[in-house]
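To start, the structure itself, in structure tokens.
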Amino acid sequence: MSVIRAENISFVYSPGTAFEKTALDDVSFEIEEGEFVGIIGHTGSGKSTLVQLVNGLLRPTKGRIFLEDKDIWEKPKKIRNVRFRVGMVFQYPEYQLFEETVYKDISFGPRNMGLEEEEIDKRVRKAAAFTGLRDELLNVSPFDLSGGEKRRAAIAGVIAMDPDVLILDEPTAGLDPLGREVLLSQINDYHKIRKNTVMLVSHSMEDIASIADRILVMAKGRKYMLDSTANVFSNGDELEKLGLRVPQITKIMMMLRKNGMNVDPAVLTIDQGFNEILKCLSGK
């Protein structure tokens with residue numbers, strides 16, 4: 001069953017002015033319930049506009065977006081309810097922190113949903129645990145946290161709303177390699193436990209390769225491809241023509257294949273590549 005369905009959506013910024021720009025042009029796709037979908041594309045391909053349309057922050061110039069077969073703009077005055085169900089984590093979300101304590105910041109969304117205090121407390125602590133925030137940090141100012149802790153607190157604020165669809169726009173931007181790995185692991189663990197739908201926008205092909213079930217490739221405001229992660233990255237030459245690079249290990253395997261080694265080029269992790277080379281060398 002599709003949880004998100006986009007039908008021929010287009011979006012134009014500043015229509016009818018000298019600054020008019022078409023960000024999306026006739027895009028259609030379906031996202032299944034429980035999927036982890038990566039979204040990739042060159043800068044200006046329409047990725048961020050797309051996820052803001054799915055979240056209801058922007059309204060399509062043309063076309064419709066459905067959440068479980070209901071047009072999200074059928075009742076414009078109730079669009080806020082859609083945003084509770086489709087949670088959005090923006091790039092550099094720590095810039096959105098504003099409350100006196102981490103606890104109050106995480107509880108902001110659930111409180112605006114009109115939940116009881118007991119349920120709010122439960123959600124705050126559960127979301128903090130999901131993102132690796134220690135209990136003792138809940139009562140400190142969010143501005144006293146480290147960069148990585150601020151990022152996790154901001155993400156916890158969205159997770160606390162318990163959305164059916166979680167959208168993350170470049171959540172690892174600006175983090176060091178260890179911080180990126182930890183955050184991705186926590187997002188993956190959250191997805192496996194919650195079993196909701198996750199849409200992850202990222203410039204890091206390694207991040208996408210390690211975590212996504214399917215990948216939506218955007219190019220010049222259009223859907224270029226939507227397929228399994230392995231199938232998308234097996235088209236490395238096509239992706240590079242779009243200005244996208246495949247994961248380094250995938251590129252190595254493609255080169256080995258071109259040089260006569262009988263290896264599968266659709267390899268996404270170092271472990272997979274190691275096993276593939278061993279299998280080739282052993283003649284299996």
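The values are calculated or read from the model by the stated rules, or taken from the named source; none is laboratory data. Remember, predicted model here, so these are calculated numbers, not experimental data. Heads up, the Cβs are rebuilt from the backbone with ideal geometry, glycines too, and the neighbour counts pull from every protein chain shown.
Looking only at region 65-96, residues that are surrounded by fewer than 16 Cβ atoms within 10 Å (Cβ to Cβ) and part of a strand (DSSP E or B) come to 2 in all.
Can you work out which of the residues in region 134-162 that are part of a loop (DSSP other than H, G, I, E, B) and of a type in the set (Gly, Ala, Ser) is farthest from Val51 (Cα to Cα)? Among those that are part of a loop (DSSP other than H, G, I, E, B) and of a type in the set (Gly, Ala, Ser), it is Ser141. Scanning region 224-248 for residues that are in contact with a Phe, Trp or Tyr (Cβ under 9 Å, 6 or more places away or on another chain) and surrounded by fewer than 21 Cβ atoms within 10 Å (Cβ to Cβ) turns up Leu226, Glu238, Leu242. For region 256-282, residues that are exposed (fewer than 12 other Cβ atoms within 10 Å of the Cβ) and touching a Cys at 6+ places or on another chain (Cβ under 8 Å) total 1.
Tallying residues that are assigned to a loop (DSSP other than H, G, I, E, B) and over 18 Å from the mean Cα position of the chain (by Cα) within region 15-49 yields 6. Taken over region 55-64, the criterion of being surrounded by fewer than 23 Cβ atoms within 10 Å (Cβ to Cβ), within 19 Å of Leu166 (Cα to Cα) and in contact (Cβ under 8 Å) with a residue 24 or more places away in the chain is satisfied by Gly56, Leu57, Leu58. When Tyr190 is tested against (1) in the same structural domain as Asn55 (by TED's automatic domain parsing); (2) at pLDDT below 85, only condition (2) is not met. Of the helices (runs of 4 or more DSSP H) that lie entirely inside region 163-272, those containing 3 or more residues that are within 13 Å of the chain's Cα centre (by Cα) span 177-194, 205-211. Scanning for something of a type in the set (A, V, I, L, M) and either within 30 Å of Asn81 (Cβ to Cβ) or outside the structural domain of Glu181 (by TED's automatic domain parsing) (or both), does region 136-146 turn up at least one residue? Yes: one or more hits.
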